[in-house]
1. In nm, give the distance between the simple-model label positions of LYS334 and GLU155, each being 7 Å from the Cα along the Cα-to-Cβ direction.
2. Excluding PRO216 itself, calculate the net charge of residues whose Cβ lies under 14 Å from the Cβ of PRO216, where each Lys or Arg counts +1 and each Asp or Glu counts -1.
3. Tell me, what ³J(HN,Hα) does each residue in region 201-215 have, in order and in whole Hz, if you take phi through Karplus 6.51 cos²θ - 1.76 cosθ + 1.60 with θ = phi - 60° and put x for Gly and Pro?
4. Could you run the Debye sum over the Cα atoms of region 294-338, one equal point scatterer each and no solvent, and tell me log10 of I(q)/I(0) at q = 0.16 Å⁻¹, two decimals?
5. Between GLU43 and VAL229, take the C-beta separation as r, use R0 = 25 Å, and let me know the FRET efficiency to the nearest 0.05.
6. Around LYS140, under 13 Å between beta carbons, what's the net of Lys plus Arg minus Asp minus Glu among the other residues?
7. Where the eigenvalues come from the Cα gyration tensor of region 103-225, what are the semi-axes √(5λ) of the equivalent ellipsoid, largest first, in whole Å?
8. Would you please report the Å³ per residue occupied by the convex hull of the alpha carbon atoms in region 201-339?
Amino acid sequence: MKKQRIAVAYSGGLDTSVIVKWLQEKYNAEVITVTGNLGQKKELTGVPEKAYKTGAKKVYVQDLRDEFVEDYIFPALRAGALYEFTYPMATSIGRPLLAKSLVDVARRERCTAVAHGCTGKGNDQVRFEAAIAALAPDLKVLAPLRDWEFKSREEEIAYCEKHGIPVSATKKNPYSIDENVWGTAIECGVLEDPMVEPPQDAFQRTVSPQEAPNKPTTVTIEFKHGVPVALEGKKLSGFEIIDTLNDIGGQNGVGRLDLIENRLVGIKSREVYEAPAAVILHFAHRELERLTLDKEVTHYKAKLAQDYADLIYNGLWFTPLRVSLDAFVNETQKTVNGVVKIKLYKGNVDIAGRSSANSLYDMKLATYTEEDTFDHKASEGYIKIYSLPAKTFYQVNPRGLLKKRALKRKLKKAASK
Ligand code: ARG
């Protein structure tokens, strides 16, 4: 009988290493590993060797960096999507792409199932499985961490030792870290106590603001249609821009976030993030929109940004709603062109200047000098009509809402008429 083939989302860490072996044993399956490069700093060299040593039949390492930046990160940036007003969602937005690359390999390799290494209490299981359901409804999804026998890391390590799986690279780290070019997420260990300030060793890519340079760093970012295209006047790829801003921001202590967040599965969790480029780019993009979007679109888009963030966080990337929201956002971004000058200083990001060919800022309307062209007289009639509803209300109800007794009397009088 032909063996079943299973594609596994593989990071090379302890859990996914155990999964590779466990699936071979449990299902007598051929396992194909799929690792995505989303620009994580952690070396991917050595991953294929490790996968083969663990018994993988075939190994894929996919370079997804440009696709991640162009098709996932930038749409989220243009939408202004920050989960609970704070988190730029490096992890959340990477999952649908990892799921897509897993499905692609599964198709090519004629697999009947795919597997991931997410736990049963996190958001990532939902993101993986909702994406796979949309992209390949017929594929079976396995989540070994939800149903295998291991109850601790130690048991998993013992399993590895028994099967000769290399565990050297899985040395104990007090934190659980997930990372890609858009940011790092750090949890567990002492961070589980929300009252404990994150210790220095929790941070992976930023210096503390106290240790940052004593003078500010200025950066000019150019946007075209809401997408960053150049730094300091130099055209760069999206990935290069993010990578560079991560370095500059990290050196200035920018991008540290400490968040109590609401998980999709109902738990409140505490997560520490480092996302220098994401924080800088969201800031700069918002500043350019202030200059180039009209008032109504600016206000409306801020509401949509929250829905867009929820949708990413909650694993609904591959849905008609996201595609429809993108259509709206795309329309708004046609005029979001120009440059933003920002200043990074000891953990802060400040605006130093902005300019755009699509700027709606009209000096002649804004000025208080004699250059002023605003029609002051027109305000009089405008205010009269604008305030008419409130005026009418308070004429009928002189002291605001009538006291209970007075209201009763009034109603009685009206009824007896
Ligand atoms: N809370 C974040 C999210 O749901 C990150 C999850 C992964 N975090 C980690 N430290 N492994 O998107």
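The values are calculated or read from the model by the stated rules, or taken from the named source; none is laboratory data. Because the structure is predicted, anything quoted here is derived from the model rather than measured. Virtual Cβ from ideal backbone geometry, glycine too; neighbours counted across all protein chains shown. The accessibility values were calculated without ligands, DNA or RNA, using every heavy atom of the protein model including side chains. Shrake-Rupley method; radii C 1.70, N 1.55, O 1.52, S 1.80 Å.
1. Those two pseudo-labels are separated by 5.9 nm.
2. After counting each charged neighbour, the total is +3.
3. 6, 6, 7, 10, 9, 9, 8, 6, x, 4, 8, 6, x, 7, 10
4. -0.45
5. Step by step, r from the Cβ atoms, then E = 0.25.
6. Working: positive: ARG5; negative: GLU129, ASP138.
Local charge sum for LYS140: -1.
7. Details: eigenvalues 241, 128, 42 Å².
Semi-axes (√(5λ), whole Å): 35, 25, 14.
8. Values: hull volume 19.4 nm³, N = 139.
Given the Cα convex hull of region 201-339, per-residue volume reads 139 Å³.
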